[in-house]
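Accompanying notes for the structure given below.
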Amino acid sequence: MAVGVAQAAIETHGLRRVFKTRKQVVEAVAGVDLTVRPGEIFGFLGPNGAGKTTTLRMLATLLPPSGGTAKVAGCDLRTQPDRVRELIGYVSQAGGSDYEVVGRFELVFQGRLYGMSADAATRRAAELIEMLELEVCADRTVKTYSGGQKRRLDIGLGLVHNPQLLFLDEPTTGLDPQSRARVWDEVRRMHDRGTTVFLTTHYLDEADALCDRVAIIDYGKIVAEGTPEELKRAVAGDVVTLSVAGAPQAALDVLQAQPYVREASIEDGTVRLYVDRGEVAMPAILRQLDASGLQLLTIGLHRPSLDDVFLRKTGRSLREAAA
Amino acid sequence: MKLLRDTWLVFGRYFWIFIHNPAWVVIGVVQPLLYLLLFAPLLKQIQSTPGFPRGGAYNVFVPGLLVQLGLFGAAGVGFSLIAELRMGVIERLRVTPVSRVALLLGRALRDVFSILVQSLILILLALPFGLSVNFIGVVVVLLLIALIGLLTASVAYAVALWTRSENSYAPIIFTATLPILLLSGVLLPLTFAPQWLRNIAAANPLSYAVEAARAVFLAHLSDPSVVKGVVIMAVLCLISVVIGARAFGRAVA
């Protein structure tokens, strides 16, 4: 890798974007500070309309920021957009391939746009077709592709010039589980080759499984940033879920008052407790319920999910927010 | 150099798409033929009417038809661009270092190319009907039509990029092109028109193009209206290319 470890792949300070409509001014991105390290898979997590795509489009030179500064692949976004374009790849939500065009043609054309000779672009297209396992459909028009094939071609279009940084906007939205797993594999392979990947998603499991680090954005602001592990640990410790015979409210009332319970709620008839250390809290919970004469039916100990993180940071569940 | 290379590449892409869609190629040939077969015969009766320019019905009618081809052939090109916006194609191209001018020019020149092929077919088909032209005249008229096509295509693409939807694009384009066409004397010479209509037409740049094309086909190549028409179209063309390229460069939300 030509990029030094000291230099960030992306660095933004107070990045803002305002959209003016006839009636009002909407601040879609309200001052984002981000640092993405070279070679990592960075996940940008948030509900629809949180500002994920707007941030991504600014970083990919498609949208001029209303304020703030950003360096992408070591180049200033404002003064060197052409240089940035040479170093990054970008795959939008819509994809980018034309239904009426043959896949291989798209790949060759894309390579030519990055200055490759016809020969070099043809070779590179063949390489990508093999790498992304598109041999069966490469010489057909894109409208005949399955969802997974099209998505892989779109990713191939973003990889033609071997970018050091690749932006993926919701790369698995709308895909079946199998195609999703394929895309994840592709992203991991890029990671293994040293490519920095910046992806947006509203799937928590995706961020959790794929990303080295995650930033959560809501209403145009970053509300949390770190590795998925760090975020989960910092927010909630552990989650204990339990059910009792009779109304769960009685158990909630008893347990809520205990010093080791940070927060408690009832979800679908199950009591949900956030505790610092689950293995210590569990015996205490059992004793407490016994002493109160409540009959325990089930009990479970969970690591908190990123949804718990989101819930704690924003006061609502990501699943509700995304719906 | 980069601009030329990029324009050539973009042209090549859209040319490929065009020739792989046989329907467009067929329509391109059939349309001018229909005009000649179904409309031109009406002119036989009119040409003896006072006010109708001398030089034969086809030498009066075909130049107007060619200008119309330039205008209508390019007015609808925004539809394909809107479809591409939706598929993310334009965004994908804009994120590469490709020249923004080339993004417009490459595809607009492809549109001009098909208009010129259609024009040539039209001229050739009209010859047996009694059209008389010389080689230089054809070249000058094709240049004029190319300018009209490039001008119209650039404006059409800019409108498509601004509106981003067929439902806004179609009314704007069709509301604009019809009066422009009618006020240019394309179908029948403005010599038939009452004074007030001629006054409005004088403000319509396209009427100068029609006048120039007609002058060429009526064998007045040295007529000042020829240079006037070409210069007016060339200047407007340049302005519209700048506007169109800016629309491609500008961020589209």
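Values quoted throughout were computed directly from the atomic coordinates according to the rules given, and no laboratory measurement underlies them. Fair warning: this is a prediction, and the values are worked out from it, not measured in the lab. All Cβ positions, glycine included, derive from the backbone under ideal geometry; neighbour counts span all protein chains shown.
The count of lysine pairs in region A:10-227 with alpha-carbon distances below 22 Å, taking only pairs 8 or more places apart or on different chains, stands at 5.
So for chain B, averaging the separation of alpha carbon pairs under 8 Å that are six or more residues apart and normalising by length, what relative contact order in percent results?
For chain B, the relative contact order is 29 percent.
For chain A, the antiparallel share of DSSP beta bridges with both residues in that region comes to about 70%.
Once the cut-off is 19 Å, how many percent of the Cα-Cα pairs in region A:238-303 end up in the long-distance tail? More than 19 Å apart: 16 percent of the Cα pairs in region A:238-303. The modelled label-to-label distance between residue A:299 and residue B:139, using points 7 Å beyond Cα along the C-beta direction, is 9.6 nm. Computed from the C-beta positions of residue A:122 and residue A:69 and an R0 of 56 Å, the FRET efficiency is 0.90 to the nearest 0.05.
For residue B:162 and residue A:256, the FRET efficiency from 1/(1 + (r/R0)^6), where r spans their Cβ atoms and R0 equals 56 Å, is about 0.45.
Between residue A:139 and residue B:239, the modelled labels are 5.1 nm apart [label points 7 Å from Cα along Cα→Cβ].
Model label sites at residue B:113 and residue A:130, defined 7 Å from Cα along the beta-carbon direction, differ in position by 3.2 nm.
If you take the Cα Rg of region A:147-258 and divide it by 2.2 N^0.38 Å, with N the number of residues, what do you get?
Dividing the Cα radius of gyration by 2.2 N^0.38 Å gives 1.47.
Each Lys or Arg adds one and each Asp or Glu takes one away; over the other residues whose Cβ falls under 9 Å from the Cβ of residue A:213, this sums to -3. For region B:33-60, backbone nitrogen atoms closer than 16 Å to the point 7 Å from residue B:129 Cα along Cα-to-C-beta are found at B:33-48, B:55-60.
Over region A:10-227, the alpha carbon radius of gyration divided by the compact-protein estimate 2.2 N^0.38 Å works out to 1.01.
Using 19 Å as the cut-off for backbone N distance, which residues of region A:55-87 belong to the label zone defined by a point 7 Å from the Cα of residue A:20 along Cα→Cβ? In region A:55-87, the label zone of residue A:20 (backbone N under 19 Å from the point 7 Å along Cα→Cβ) covers A:63-68. Among residues other than residue A:294 with Cβ under 13 Å from its Cβ, the summed charge is -1 (Lys and Arg +1, Asp and Glu -1).
By its C-alpha gyration tensor, with a ≥ b ≥ c as the square roots of the eigenvalues, how is region A:123-190 shaped: rounded for a/c under 1.5, else prolate for a/b larger than b/c, else oblate?
Oblate.
The alpha carbons of region B:26-89 occupy a box of 56, 22, 13 Å along the principal axes, longest dimension given first. Here chain B is treated as a Stokes sphere of Kirkwood radius computed over C-alpha pairs; at 4 °C and 1.567 mPa s its diffusion coefficient rounds to 69 µm²/s.
Within the shell of other residues whose beta carbon sits under 14 angstrom from the beta carbon of residue A:126, the net charge comes to -4, with Lys and Arg scored +1 and Asp and Glu -1. When the Cα gyration tensor is reduced to axis lengths a ≥ b ≥ c, the ratio a/c is 1.5 or higher for region A:51-177, and with a/b not above b/c it is classed as oblate.
Its Cα gyration tensor gives the protein assembly as shown an equivalent ellipsoid. The semi-axes, each the square root of 5 times an eigenvalue, are 64, 24, 21 Å from largest down.
Within region A:131-262, antiparallel bridges make up roughly 50 percent of the DSSP beta bridges whose residues both belong there.
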